[in-house]
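A short write-up of the structure that comes next.
The numbers here are math on the coordinates, done by the rules we state, and not lab data. Keep in mind that this is a model prediction, so the values were computed, not measured. Virtual Cβ from ideal backbone geometry, glycine too; neighbours counted across all protein chains shown.
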Amino acid sequence: MRICYIADAMSIHTKRWVNHFANKGHEVHLISSKFPEGYEGYNKDVQVHRLVRLFPQIWGISGYFSGIIWLFQVRRMVRRIKPDILNAIFIMVTGYLGAISGFHPLVLTALGSDILVVPKNSIIHRFITRITLSKADFVTCVSPSIKQEIIHFGIDPNIIYVTPLGVDTSMFKARATDNVLLQRLDIAGCPVIISTRNLKPLYDIQTLIRAIPHVLKEIPETKFIIAGEGEQKEYLKDLANTLGISDSIRFTGLIPHKELPQYLSSSVVYVSTSLSDGASVGLFEALACQTASVVSDIPANRDWIKDGENGYLIAVGDSKMLADRIIIILKNQTRRELFGKAGRQLVEERADHNKEMDKIEKAYEKLSKSDSYFQ
């Protein structure tokens, strides 16, 4: 098949999705406004098509004008490529560009905030989301809760397919503790708690930081790895200083994807305090590595974590509850092992990336049997 994607080429999710189909021998095209230097991380056979970015140094202004140009540029690109399938990943902007192209069969992929957050920003955002979804022949989304939101936009549930982004279970698996890594971070020999969410308000990292003094009171040698980047980085560091716990935290910045299994396998507990999610790949990665997980009690996490069976759910923003659950896991090796094995089994059954992409491939094949056309 000849498959064309409109997506953010900088996203790890785009890379994994696009590469899967290129690796399987399909002719894959990717339309994006920005690509990593040297197209790092992409299969060499992926054919890239760059959207113009006018005056990126003043993107807050020029982005609107670039967006208008993209409407015509995408339509021209898609006509030239003549794909069997057009798949736009993320509903706002890229999804809208796919819808405006007039090409069918059109697949839209919703990842989370594009349905759960963006449409609530304004009436205009909601209107664009509704128009975009109405043009789709098939919609994929990463969780049942997102499917329900999409249905509320008047979309036929029969064309909506739930598939988590999943993880590469051959890469993300339990490994021996990486003592070299822990020595480099100066936390060797200590129980380690890890968060891999970005440092943005949506992920509520401050709740984790406020939980740390409670954990240290019980288990003083505990160390915390807080990965990711974001606009709250300095605020969170200042909060840690104010609470007198900076020595117990390692702000590592973004961790290279290939190194994540070592970090997760060297940690005792994975924490996510997110206020909203689609289906968290970070959680799947932790479960695959058999790292016990404590996550916020939101719909997306309830789809995966059964409290006390394969992890813990904590009330959103409840730092004391978070600390209590971390302490229980640190003190109970049997529970850690139980959570780890149950988490791994769950990922193998429901969130194996290759298996989920094979299901998408079958959907593509079915859709491509109908003639592609332009409205």
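Under 5 Å between amide hydrogens, built in the peptide plane, is the criterion, and for Arg197 it picks out Ala227 among residues at least 5 positions away or on other chains. How much FRET efficiency would the formula 1/(1 + (r/R0)^6) give for Gln183 and Gln345, where r is the Cβ-Cβ distance and R0 is 30 Å, rounded to 0.05? Taking R0 as 30 Å, the efficiency between Gln183 and Gln345 is 0.40. This model, with +1 at the C-beta of Lys and Arg and -1 at the C-beta of Asp and Glu, gives the chain a dipole about its Cα centre of some 700 debye.
Within the straight-line cut-off of under 18 Å between alpha carbons, the lysines reachable from Lys173 are Lys258, Lys341, Lys355, sequence neighbours fewer than 8 places apart in one chain being disregarded.
Give, to the nearest whole percent, the P(r) tail of the stretch 1-108 beyond 21 angstrom, counting all Cα pairs.
Summing the P(r) of the stretch 1-108 above 21 Å gives 30 percent of all pairs.
For the stretch 291-306, backbone phi angles converted through the Karplus equation (6.51, -1.76, 1.60; θ = phi - 60°) give residue-by-residue couplings of 8, 4, 10, 10, 9, 5, 7, 10, x, 4, 6, 5, 5, 10, 9, 9 Hz, Gly and Pro being listed as x. Computing FRET efficiency as 1/(1 + (r/R0)^6) for Asn43 and Lys369, where r is the C-beta to C-beta distance and R0 is 22 Å, gives about 0.30.
Positive end of the charge dipole of the stretch 179-350 (Lys, Arg +1 and Asp, Glu -1 on Cβ, about the Cα centre): tell me which of Thr207, Asn179, Asn310 has its Cα farthest that way. It is Asn179, whose Cα lies furthest towards the positive end.
Let me make sure I get this right: for the stretch 63-102, a, b and c are the square roots of the gyration tensor eigenvalues over alpha carbons, sorted descending. Under 1.5 in a/c it's rounded, otherwise prolate if a/b > b/c, else oblate. Which is it? Oblate is the answer for the stretch 63-102, as a/c is 1.5 or above yet b/c matches or exceeds a/b. Here each label is just a point 7 Å from Cα along the line to Cβ, and for Ser246 and His13 those points are 3.5 nm apart. Evaluating 6.51 cos²θ - 1.76 cosθ + 1.60 at θ = phi - 60° for every residue in the stretch 8-15, the Karplus couplings come out as 7, 5, 7, 7, 5, 5, 5, 4 Hz, glycine and proline recorded as x. Helix 205-218 and the longest principal axis of the Cα set of the chain meet at an angle near 20°.
For Tyr235 and Gln333, calculate 0.36 nm times their separation in residues minus their Cα-Cα distance, and state this gained length in nm to one decimal. It would help to have the intermediate numbers written out before the result.
Numbers: separation 98, 0.36 × 98 = 35.28 nm, distance 3.43 nm.
Working it through step by step, the gained length comes to 31.9 nm.
If you wrap the stretch 179-350 in the convex hull of its Cα atoms and look at it from every side, the mean projected area works out to 8.8 nm². The angle between the Cα long axis of helix 233-243 and the main principal axis of the chain comes to about 20°, on a 0 to 90 degree scale.
For Ile131 and Leu202, the FRET efficiency from 1/(1 + (r/R0)^6), where r spans their Cβ atoms and R0 equals 22 Å, is about 0.30. In sequence order, the stretch 74-87 has phi-based couplings of 5, 4, 5, 4, 5, 4, 6, 6, 6, x, 7, 9, 10, 10 Hz under the Karplus curve 6.51 cos²θ - 1.76 cosθ + 1.60, θ = phi - 60°, and Gly or Pro positions carry x. If you take all other residues with their beta carbon under 15 Å from the beta carbon of Gly41, and give Lys and Arg +1 and Asp and Glu -1, the sum is -1.
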